[in-house]
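Inspection log for the structure reproduced underneath, given as structure tokens.
Laboratory data are not the source of any read-out in this text; all were calculated from the coordinates shown. None of the values given here were measured: they were computed from a predicted structure. FYI the Cβ positions are ideal-geometry reconstructions off the backbone, even for glycines, and counts take in every protein chain you see.
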Amino acid sequence: MLSCEGTGKNIEQAVENALFELKVSREDVDIKILNPGGFLKKAKVLVTISEDAREKYEKKEQLKKQEKEEETKIEINVHEPKVNVEQAKVKVDVEQPKISVEKPKVQIITDEEYVSVQKEDKDEKNVKTVEPEKLIKDILEALDLTAEISVSEDEKFIRYSVTGENLNDLIGHHGECLYALSSFISSVCKNDKRKKVVLDVENYRSKREETLRALAERIANKVAKSGRYYKFEPMDASERKVIHTALQNDDRVTTMSKGEEPRRYLIVFPREYKE
């Protein structure tokens with residue numbers, strides 16, 4: 001079943017009821033509002049598994065079908081007629097294979113050799129990782145850019161802030177280059193404190209957060225007024241989180257993410273509709 005109609009006292013409840021029937025998650029479906037509901041009227045929606053998620057659920061259905069077929073085979077085998085053992089006795093001479101077992105060779109090492117082996121293993125585990133600041137400097141040098149690097153740290157993150165002139169190329173369109181560089185540096189430069197390394201250029205992240213919060217408020221007003229959902233362009237997970245957080249306490253709208261990375265996007269739609 002690829003689609004299902006759901007009803008409820010409001011749009012949100014209707015969607016949840018349809019999702020329960022389909023046994024799918026919200027981010028894997030497309031939602032069509034058939035009846036917004038209202039006074040003494042129930043809301044009605046059509047929930048359809050989206051194209052990019054159908055293959056996943058079709059595979060699940062195939063697996064369930066195979067499991068049922070296997071269960072059917074087992075039931076048939078269980079109910080097969082019993083064979084009279086006395087009538088079916090057959091004398092068979094089987095030559096027992098000769099098994100040759102070799103004793104494992106044991107290598108005895110001295111205490112000094114054992115300590116040496118342990119030291120080598122320890123040295124391999126303590127391989128030095130790349131220093132984030134040095135890597136950032138190498139990137140700047142490769143791009144022929146001059147900038148200053150400052151470091152700050154809290155309970156979860158170690159932040160490296162880069163300031164200077166002509167650094168727009170490090171940021172890219174809507175921060176695409178910045179986020180890619182930050183992810184690369186974080187994955188390459190591990191640290192003993194197990195904190196995530198974050199790169200920022202010209203205080204772009206905080207400026208972008210302010211812009212996204214303002215945008216989220218405008219979109220929420222637009223959606224609540226028009227009664228139609230709004231679909232954002234694909235964006236970074238950290239940016240989607242800013243919008244989710246900005247609207248989580250807004251009782252007029254609700255948000256959800258759809259799609260697969262790096263093309264995952266966010267949708268804002270109204271919680272309830274008015275006639």
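Between Lys195 and Glu260, the FRET efficiency from the beta-carbon distance, with R0 = 30 Å, is close to 0.60. The ranking of Asp52, Asp200, Asp144 by Cβ neighbour count inside 10 Å, starting from the fewest, reads Asp144, Asp52, Asp200. Between Leu34 and His244, the simple label model (points 7 Å from Cα in the Cβ direction) yields a spacing of 3.0 nm. Applying both filters, DSSP loop and at most 16 other Cβ atoms within 10 Å, to the trypsin sites (Lys or Arg not before Pro) of segment 1-42 gives Lys9, Lys23, Lys42.
The share of C-alpha pairs in segment 3-56 whose separation exceeds 19 Å stands at 23 percent. Under the simplified labelling scheme, the Leu46-Lys222 pair shows an inter-label distance of 2.6 nm, with each label point 7 Å from Cα along Cα→Cβ. Taking a point 7 Å from the Cα of Ser206 along the Cα-to-Cβ direction, the residues of segment 140-169 with backbone N closer than 17 Å to it are 148-155, 157-164.
Please list log₁₀ I(q)/I(0) at q = 0.14, 0.17, 0.19, 0.21 Å⁻¹ for segment 206-270, using the Debye equation with identical point scatterers on the alpha-carbon positions. Rounded to two decimals, the profile gives -0.35, -0.52, -0.65, -0.79. With the cut-off at 26 Å, tell me which of the pairs Lys195/Lys241; Lys44/Lys65; Lys42/Lys241; Lys42/Lys225 have Cα atoms farther apart than that. Pairs exceeding 26 Å: Lys44/Lys65; Lys42/Lys241. Extending 7 Å from Cα along the Cβ direction at Glu58 and again at Ser3 yields two label points whose distance is 1.7 nm. Cross-link pairs exceeding 21 Å in C-alpha to C-alpha distance, out of Lys137/Lys196; Lys156/Lys231; Lys156/Lys193, comprise Lys156/Lys231. Phi angles of segment 156-167 translate, via the Karplus equation with coefficients 6.51, -1.76, 1.60 and θ = phi - 60°, into HN-Hα couplings of 10, 10, 10, 9, 10, 9, 10, 10, x, 10, 6, 9 Hz per residue; Gly and Pro are given as x.
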